[in-house]
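A.B. asks: Let me begin by handing over the structure; questions about it come next.
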Amino acid sequence: MLQFGSDSKIATLPSGIRISYRIFPGKSKVPLFCVHGLTGNLKNFEPIAQGLSKKGITVIVYDLRGRGNSDKPKEEYSARVHAQDLKELSTTLGYSKISILSHSLGAWITLRFAEKFSSFLEKAVLIDGGGELSIKRKISNLLMIQGSLARLGRRIPSKETYLQEAKKSPLLSAWNTNIQNFLLYELEPIGTLSPSLMPENTFYGPVLCSIPPFVIDSELKNMGGAMKPAGILTRLFKDPKEFFKTLKENKVMPYSALRCPVLVIRALKPNFKPGDELLPSTAIEKMKDKIQNLKVYELPDKNHYESVLLEDKERDQEIFKFLRS
């Protein structure tokens, strides 16, 4: 169990998987479940959740399996697996209909959820994810996220060192307490001091990012990628039939399954260089063609990571208006 984030609860799903979650209470009958990205956790959406909760919307943030305080079994990880977890979690918590706010990989999970449980979905907000992309663009995106994957499996001398390295990241133009809490939540101590000798919420000695590399490798494999670009070629030569089957499955997104109102929030600021946005214009046009009840909102001053990690009152107001409409 992690040292930070102890305010979360644990739900045991019918599958036996234990999922960590936190509820921000509101008066709305249909709750909003927040689904984070590839290397995220429930802390990603807590600032937005707090604001929406104050306005009367019940919000539930949770750790995907393989992250945070949720179970990390050595099994397959994919958007479909997470979609099933979400359905079981919402049912376990007593809800028969939900709305979803998702980011990056979370948008893929939302689409797979809609594909199988469309009648269960009231509204969907997709933040910078879920687009139909060319193979070239997918490889470009994989190269872009390499920096965020470098922290997995690394032994870091201390949590202070971990935070200092994060502050130097070119992907973040600002720093705040929310980002710090998000990063601290994913750490686990691997030092020699007994927990009984450590003050509350304090680590001494080395720490480790708690997301196992095998989790992310499995996620990327099921999207046609790999932890490292060379891994894509390895999978192609090892089992070309399976490789192209995976590419085909992910080539066309199940947009027709989204029979509910959809809000797409797109980050326009480049991550490293112009043209490396996660949702290019071509992807947005396909969404407009295939999703009937669609609204697009753009964030000109934020990149893929900043679209959820940095505060934005206008973004939050747009989400609130959409959920209330």
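The values are calculated or read from the model by the stated rules, or taken from the named source; none is laboratory data. What you see is a predicted model; the values in this text were computed from it and never measured. Backbone-built Cβ (ideal geometry, glycine too); neighbour counts: all protein chains shown. Note: accessible area is taken over every heavy atom of the protein model, side chains too, but ligands, DNA and RNA are not part of it. Shrake-Rupley method; radii C 1.70, N 1.55, O 1.52, S 1.80 Å.
A.B. asks: Report the residue, chosen from D289, D312, D71, that carries the largest GNM mean-square fluctuation when the chain is represented by alpha-carbon nodes joined by springs under 10 Å.
C.D. replies: Its mean-square fluctuation being the largest, the pick is D289.
A.B. asks: About the Cα centre of the chain, what is the dipole size in debye to 20, counting +1 per Lys and Arg Cβ and -1 per Asp and Glu Cβ, all else neutral?
C.D. replies: Rounded to the nearest 20 debye, it is 660 debye.
A.B. asks: Oh, and also: Using only Cα atoms, locate the centre of region 49-108 and the centre of region 279-304, then give the distance between them in Å, rounded to an integer.
C.D. replies: 23
A.B. asks: Given a 1.4 angstrom probe, what's the average accessible area per residue across region 9-324, in square angstrom?
C.D. replies: Computed with neighbouring chains in place, this is 46 Å² per residue.
A.B. asks: Taking DSSP loops as anything outside H, G, I, E and B, show the longest stretch in the chain free of chymotrypsin sites (Phe, Trp or Tyr not before Pro) there with at most 14 other beta carbons within 10 Å.
C.D. replies: 1-174
A.B. asks: Pairs of alpha-carbon atoms within less than 8 angstrom and 6+ residues apart define the contacts here; what relative contact order does region 9-324 have, in percent?
C.D. replies: 19 percent.
A.B. asks: Next question. Once the other residues with Cβ under 12 Å from the Cβ of K27 are scored (Lys, Arg +1; Asp, Glu -1), what is the net sum?
C.D. replies: Taking every Cβ under 12 Å from that of K27, the sum is +4.
A.B. asks: Give the Cα extents of region 1-134 along the principal axes, in whole Å, largest first.
C.D. replies: Principal extents (Cα only, largest first): 39, 33, 26 Å.
A.B. asks: With a cut-off of at most 15 other beta carbons within 10 Å, and DSSP calling the residue loop, which trypsin sites (Lys or Arg not before Pro) in region 58-119 qualify? Please list them.
C.D. replies: K74, K97
A.B. asks: Same structure, new question: Using a 1.4 Å probe and ignoring any ligands, DNA or RNA, find the accessible area of C209 and quote it in Å² to the nearest 10.
C.D. replies: Here the accessible area works out near 0 Å².
A.B. asks: Then there is this: For region 236-325, give the percent of accessible area contributed by carbon and sulfur heavy atoms, probe 1.4 Å, rounded to a whole number.
C.D. replies: 53
A.B. asks: Under 10 Å, Cα contacts only: if you run a Gaussian network model on the chain, which one of K72, K241, K159 comes out with the highest mean-square fluctuation?
C.D. replies: K241
A.B. asks: Here are labelled values, [x] 16.2; [y] 20.5; [z] 18.4, and one is the computed mean projected area of the Cα convex hull in nm² for what I pasted. Which one?
C.D. replies: It is the value labelled [x].
A.B. asks: Another one. Provide the solvent-accessible area of S96, counting protein heavy atoms only and rolling a 1.4 Å probe, rounded to the nearest 10 Å².
C.D. replies: Only protein atoms counted, so the area is about 100 Å².
A.B. asks: Please go through region 263-317 and write out the trypsin sites (Lys or Arg not before Pro) that DSSP classes as loop and that have at most 10 other C-beta atoms within 10 Å.
C.D. replies: Counting only loop positions with at most 10 other Cβ atoms within 10 Å, none of the trypsin sites (Lys or Arg not before Pro) in region 263-317 qualifies.
A.B. asks: Right, something else. What GluC sites (Glu not before Pro) in region 48-122 are in a loop by DSSP, with at most 14 other Cβ atoms within 10 Å of the Cβ?
C.D. replies: For GluC sites (Glu not before Pro) across region 48-122 that sit outside H, G, I, E and B with at most 14 neighbouring Cβ atoms in 10 Å, the list reads E75, E76.
A.B. asks: Between S53, N41, G129, whose Cα lies farthest towards the positive end of the dipole of the chain when Lys and Arg beta carbons carry +1 and Asp and Glu beta carbons carry -1, centred on the Cα centre?
C.D. replies: Towards the positive end, the residue furthest out is G129.
A.B. asks: Divide by every residue of the chain the summed helix terms, -39500 (n - 2.57) for each DSSP H run of at least 4, and state the resulting mean residue ellipticity at 222 nm, rounded to the nearest 500 deg cm²/dmol.
C.D. replies: -11000 deg cm²/dmol
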